[in-house]
Amino acid sequence: MLKVCESPFVDLLGAGIASIDGGSAGQSVMSAAGAGALVGGVAGSPKSALLTGGGAFIGATIATMAGMPGSAVISAAGTGALIGWSRNKPSSDATDSGMRTPRSFEVIILLSLIAVYASWSVKRSEDTTNVSSAQTAGEDVLLELRLGETLDDSSASRHITRANGVVPCTDRFGVENGASTFSGRSYIAIDRPEKFDDLDAFTLSGWVRPTIRQEHLNIISKVTPHRDFNLQIDALGRPVTHIMNQVYEFCYAKNSVPLHEWSFVAATYDAGVWKIYIDGKLDWSEKVTRPAVGQSRLMTVGALFPGMEGFVGDLDDIRVHSRALTADEISELKSE
């Protein structure tokens, strides 16, 4: 039994279980790592205790990187390693006879400290990333219209909106008055369109439920005298976006959105490239040769101009971001 327990395979047992058992709770991971460490430490030798500490350290690090409670794993592994060393450290006679005292204890302490630091660094990095992402997500939203009973801008910009003929309707979650119906002559005008000038990159997005097939079902646009940006549904049900800087340049999706059903539509513009997404997935991209001018003075939702090229159907959660969201961010936005 002693020879078996001195084997590094047994010493690494807890670490292996801790690494593989990714779906268990933190206590289970802790118990798995601790069990392997205790087996190697109690019945082994100082060499076995060292292998136990090193193996459990590897398992704890992997578990920590995978989102496990690394500190708990490290505590259990360290306890087992210390027990193994204390039970098997050389006697004073052996030391007096010239035998060198194993330095397993110092090595275990060092490995444990490294593991604790690794766990703390990963956690701190995740926290910083989450905070940074949350701040960025709030700061880059230039316009956010939840629609429904309130047509106010929920972004930090707090744009003043003026609505005409827009009425509440049931949203995609079945919530009454959670979205808005547009009749083709309805629209929402956004004040201070100059706040959207000269954007090198941006994202337009919203939930749409068209009820007819018709050309120029406008979702959101910024026009006059140019077309800084425009997102519509065409007569085939395809999302289409375009700019006009002396000439019109279009980007058409290859797929259509259905009638009488909610679909999430988004378009990003960056470095002269349009990308159109349907229900969180990239549908098509197109490069344009002329940048948007960024001097148009009319910004509307649900119509290109009041009473012209109006959307017929329901709209919800219209947003404008001041950067081109990534494919993953578009997918997350669709899931909200």
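Quick one: what Rg and Dmax do you get for the stretch 263-336 from the alpha carbons, in Å?
Over the stretch 263-336's Cα set, Rg and Dmax evaluate to 13.7, 36 Å.
With Cβ to Cβ distances under 13 Å as the rule, what net charge do the other residues near GLU149 carry (K, R +1; D, E -1)?
After counting each charged neighbour, the total is -3.
May I ask you to sort PHE173, PHE311, PHE229 by Cβ crowding, counting other Cβ atoms within 10 Å and putting the fewest first?
Exposure proxy ranking, most exposed first: PHE173, PHE229, PHE311.
Which net charge results for the neighbourhood of LEU204, defined as the other residues with beta-carbon distances under 10 angstrom from its beta-carbon, given Lys and Arg at +1 and Asp and Glu at -1?
Overall, the nearby charge balance is +2.
In the stretch 247-336, which trypsin sites (Lys or Arg not before Pro) fall in coil by DSSP and have 11 or fewer other Cβ atoms within 10 Å?
Counting only loop positions with at most 11 other Cβ atoms within 10 Å, the trypsin sites (Lys or Arg not before Pro) in the stretch 247-336 are LYS254.
Could you list CYS169, CYS251 in order of exposure, starting from the residue whose Cβ has the fewest other Cβ atoms within 10 Å?
So the residues, fewest neighbours to most, are CYS169, CYS251.
Each value in this text was obtained by applying a stated rule to the coordinates, not by laboratory testing. Keep in mind that this is a model prediction, so the values were computed, not measured. Neighbour counts are summed over all protein chains in view; Cβ atoms, including those assigned to glycine, are modelled from backbone coordinates with ideal geometry.
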